1. Every residue in the range A:94-114 that is within 12 Å of chain B (Cβ to nearest Cβ) and either open to solvent by less than 20 Å² (accessible area, probe 1.4 Å) or more than 16 Å from ligand 2 (Cβ to nearest atom) (or both), please.
2. If you scan the range A:1-13, which residues turn out to be touching an Asp or Glu at 6+ places or on another chain (Cβ under 6 Å) and buried (at least 18 other Cβ atoms within 10 Å of the Cβ)?
3. For the range A:14-48, how many residues are touching a Leu at 6+ places or on another chain (Cβ under 9 Å), buried (at least 16 other Cβ atoms within 10 Å of the Cβ) and not polar (S, T, N, Q)?
4. Going by the structure shown, is residue B:120 part of a loop (DSSP other than H, G, I, E, B) and within 13 Å of chain A (Cβ to nearest Cβ)?
5. Under the condition of being in a loop (DSSP other than H, G, I, E, B) and open to solvent by 60 Å² or more (accessible area, probe 1.4 Å), which residue from the range B:131-157 is nearest to ligand 3 (Cβ to nearest atom)?
6. Restricting attention to the range A:66-78, does a residue exist that is away from ligand 1 (no atom under 12 Å from the Cβ), in contact (Cβ under 8 Å) with a residue 40 or more places away in the chain and either aromatic (Phe, Trp, Tyr) or crowded, with 22+ Cβ neighbours inside 10 Å (or both)?
7. Condition test on residue A:31, is it in a strand (DSSP E or B) and hydroxyl-bearing (Ser, Thr, Tyr)?
8. Given the residues B:124, B:130, B:140, B:95, which is the only one that is in contact with a helix residue (DSSP H, G or I) (Cβ under 7 Å, 6 or more places away or on another chain) and of a type in the set (D, E, K, R)?
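The values are calculated or read from the model by the stated rules, or taken from the named source; none is laboratory data. Computed from a predicted model, the values in this text were never measured in an experiment. All Cβ positions, even for glycine, are placed from backbone atoms using ideal geometry, and neighbour counts span all protein chains on display. For accessibility, only protein heavy atoms count, side chains too; no ligands or nucleic acids. Shrake-Rupley method; radii C 1.70, N 1.55, O 1.52, S 1.80 Å.
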Amino acid sequence: MLHILNYERPQTLEEAYQLRQKKGSAVLGGTGWLRLGEHTLRTAIDLSGLGLRYIKDEGDSFLLGAYTTLRDLETSAPLNEAFGGAFADAVGSIVGIQFRNCATLGGSLYGRFGFSDVLTLLLALDCEVHLYKEGWVPVETFAARNGEPDILTELRIYKNRRVKVLSQRLNANDFPSVTIAVSKGEDGFRSVIGARPCRAKIAAGPEKLTLSTAPDFAKKAADAVSYGNGMRGSAPYRRQLAEVLTRRAALSLLQKEAE
Amino acid sequence: MEYPITFTLNGVKRSVSVPADRYLLEQLREMGCKSVKRGCETSGCGLCTVWMDGKPVLSCTVLAVRADGHQITTLEGLQPEAKILGGYLADEGGEQCGYCAPGLMMTLLAMEREYPDRAPTEAEIRHYLEGNLCRCSGYESHIRAAVAYFQDKREVK
Ligand SMILES: Cc1cc2nc3c(=O)[nH]c(=O)nc-3n(C[C@H](O)[C@H](O)[C@H](O)COP(=O)(O)OP(=O)(O)OC[C@H]3O[C@@H](n4cnc5c(N)ncnc54)[C@H](O)[C@@H]3O)c2cc1C
Ligand code: FES
Ligand code: FES
């Protein structure tokens, strides 16, 4: 149950930041996650009046506002054209479209969830998270930290990598048993493994690959991270899935390149 | 503490005061929109689907304060269309207990607006309806009804 003692709709990010310094405060994203569990917010900060919902094409990168919804990521033609449909693939199995019209990019990133399809994809790309006070932080640095009292304002995604994201679910809209992403840039291939069910992590790369070395890369990546047991799969099962999906994703990128 | 909000509900401007942690589901039912059904209340079933500015959202997940300044639509505001679509669901045996029907119809009618130029394919319909759970029908009757509805609508257009 979510209890809110005081609701604030700041007019500026500075005002929002000052409110966020108060004990017991939190920013409201789409409240999909916040509404679960027992939370009492002394100050709930609603940024919906600050124009943070956008996807801007900046030439070599995209700039996405924190209040961009998962459905926006799924349906944005420029974003999906630039990354071979990876955003639609990554979020298309998250609950349902009504939910994806509510859940935000900011909440999905800030939550750093151990089951996150979104974080898995973003770690495979070259991205930076913008925090109002701290400024730009590489997504891998951000992903490894915990709940700083700052405001996530936007995300920059560079267009320099091709990416393939795959997940395995027990049924269509469940949490994933495992999600992987493989990307390719100038420096070679990078593998990310998430929903293990721990926070997504870069598992291997950058490394140059061919069709014949891709299976070894997948094995190395799958061996590099830890897995947990749970109702969506045992640790050995998840590890096996991670290897198979990583190999498939790497081969798919290599084959696309050859076409 | 209560917060004053003004929003348009089914085309009519309404002003109310709401506690900050009340969900839209509660508020709409209190305002007489009993088509908005309470299901899981954990964002998973789609029974509580309403439109916010024309897009389907989960009223159990959206805080009522966030309706301020927005257009909210429930099935009460779409009665002529609901009657027609309901006929298709009934014809295909898609309404058994009927509890999921308002949420399902809100989703399908939103989908219709996202496809102004063509009928969506069956695969697109299945994807769009993934967030609407039904404990009775087994879903196939919903899909048959939706396919027939969109095809007929397209022929009429
Ligand atoms: C039933 C269910 C199933 C799900 N299944 C999946 C799944 O299969 N795969 C997947 O990847 N995800 C899944 N999710 C997670 C979902 O996609 C969202 O990531 C999650 O709901 C958080 O996004 P939100 O906008 O709802 O954030 P909220 O719940 O509003 O917030 C989450 C956290 O982020 C903070 N926050 C939000 N915005 C900001 C900001 N701009 N600056 C600073 N802090 C901020 C909040 O204070 C809170 O701590 C699921 C969630 C639910 C409820
Ligand atoms: S009651 Fe809202 S999704 Fe189930
Ligand atoms: S007909 Fe009973 S829940 Fe769908």
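1. A:96, A:97, A:98, A:100, A:102, A:103, A:104, A:107
2. Selection gives A:2, A:4, A:9.
3. Qualifying residue count, the range A:14-48: 15.
4. Here the answer is yes, as residue B:120 does meet what is asked.
5. The qualifying residue nearest to ligand 3 (Cβ to nearest atom) is B:135.
6. No, the conditions are met nowhere in the range A:66-78.
7. no
8. Going through B:124, B:130, B:140, B:95 in turn, just one is in contact with a helix residue (DSSP H, G or I) (Cβ under 7 Å, 6 or more places away or on another chain) and of a type in the set (D, E, K, R): B:95.
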